[in-house]
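One structure is given below, encoded as structure tokens.
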Amino acid sequence: MSQPPLDHAVLQAAAAWFARLHGAADDPATLTQWNTWLAEDARHRLAWRYVESINQRFGNLHADANHAHQVLNTVHRQRHSRRGVLGGLCIAGSAGLLGWGSWRQGWIDSPSAWLATYRTGLADVRPLTLTDGTRLWLNGQTALDVQFDESVRQLRLYRGEILIETAADPRPLQVLTRAGRMQPLGTRFSVRDQGLLTTLSVFTGTVQATCAESGRVLRVEAGQMTLFDAQQGSTPGAATALRQDWSRGVLVAEDMPLRQVIEVLRDYRHGYLGIDPGLDDLRVVGTYPLLDSDRTLAMLERALPVRVVRTLPWWVSVEAR
């Protein structure tokens, strides 16, 4: 989950207000203080809208969902009764949320993704062997169609990520994303759909990628990766083990920045996961359970001078201890 363009402290304050209202939604003094905080700064109002959006998406996955929705209803009633204080909040908040529209690109997709042959949920890594012997691993929140005929083997990735070990077959294998088409030459590689962008990482063999609109051809060799869209691609760089380690359900950190570890974990848990910017210099070493992010957070808490703060069941942040 990418982060909104707001200060970490402001987001934490908004989450703290949501938690406080959770226990005192009908208390006039609390509501007055909350309204004062909202009116102080446009960033406060945007942060509040963001917290609301996270609750609406993930709050019903937790035991306190009904109470949370009651809080929202109460707050909305109070908001409408204070139009003079909060004038323009809905407009400003909506504009901000539109600006953050890509925070979960996987959910903003065509209906085809929901009708795909193979689909996985959050933190659901699934191995698969196709009829030709090709081995696949589907990462969490992946949607994939498989279409084989007499002349071609075609994989259409609508969202998510797949790791592929190709099998010997006279028919060419093609992987299609919105960015273009990839054709391997006996290889192991991963394809990650990021909306208009695709990340291609090659671990053995060679893959040829063709941009969907320009027709530009990119040749990616073993040990390389590239990021491309429908028009062009980046110069190939070094492939990272992270793009295949997920198939084993692990995150292997070799002097990895803590912020990067947190960014990886966001794709495997419900809700918001933030990190104090003051922790950017911390480095992580070790192997962690990718599909059990709570366990990984507990391990990080024991190994580093950090603490995991759970403001709400669906709002968690890593702070300096």
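The values are calculated or read from the model by the stated rules, or taken from the named source; none is laboratory data. Note that the coordinates shown come from a computational prediction; the quantities given were computed from them, not determined experimentally. Glycine also receives a Cβ, built like all others from the backbone with ideal geometry; neighbour counts cover every protein chain displayed.
Odds and ends about this structure:
- LEU31 being outside any helix (DSSP H, G or I) and modelled with pLDDT under 95: no
- From THR296, THR287, residue being among the β-branched types (Val, Ile, Thr) and either surrounded by 18 or more Cβ atoms within 10 Å (Cβ to Cβ) or closer than 13 Å to ALA123 by Cα (or both): THR296
- Yes/no for LEU282 being in contact (Cβ under 8 Å) with a residue 60 or more places away in the chain and farther than 24 Å from PHE58 by Cα: no
- Residue among LEU273, LEU265 that is among the hydrophobic types (A, V, I, L, M, F, W, C), in a strand (DSSP E or B) and not assigned by TED's automatic domain parsing to the domain that holds ALA143: LEU273
- ASP145 vs. criteria out of contact with any His (no Cβ under 7 Å at 6 or more places or on another chain), exposed (fewer than 15 other Cβ atoms within 10 Å of the Cβ) and more than 16 Å from GLN244 (Cβ to Cβ): no
- Any hit, segment 254-270, residues being among the aliphatic types (A, V, I, L, M), within 22 Å of ILE164 (Cα to Cα), crowded, with 17+ Cβ neighbours inside 10 Å and in contact with a Lys or Arg (Cβ under 9 Å, 6 or more places away or on another chain): no
- Checked against (1) part of a strand (DSSP E or B); (2) crowded, with 17+ Cβ neighbours inside 10 Å; (3) aliphatic (A, V, I, L, M), ALA123 passes all but condition (1).
- Count - residues of segment 13-53 that are of a type in the set (A, V, I, L, M, F, W, C) and closer than 19 Å to VAL316 by Cβ: 11
- Residues of segment 295-321 satisfying the condition of being aliphatic (A, V, I, L, M) and part of a strand (DSSP E or B): VAL306, VAL308, VAL309, LEU312, VAL316, VAL318, ALA320
- Pick from segment 156-178, criterion of a type in the set (A, V, I, L, M) and farther than 16 Å from ARG243 by Cβ, ranking: surrounded by the most Cβ atoms within 10 Å (Cβ to Cβ): LEU173
- Only listed residue being out of contact with any helix residue (DSSP H, G or I) (no Cβ under 8 Å at 6 or more places or on another chain), at positive phi and not polar (S, T, N, Q), chosen from ASP281, ASP292, ASP255: ASP255
- Failed item in (1) of a type outside the set (Val, Ile, Thr); (2) modelled with pLDDT of 50 or more; (3) on the phi > 0 side of the Ramachandran plot, with ASP124 passing the rest: (3)
- Test: residue in segment 190-197 that is more than 30 Å from ASP294 (Cα to Cα), of a type in the set (A, V, I, L, M, F, W, C) and surrounded by fewer than 17 Cβ atoms within 10 Å (Cβ to Cβ): yes
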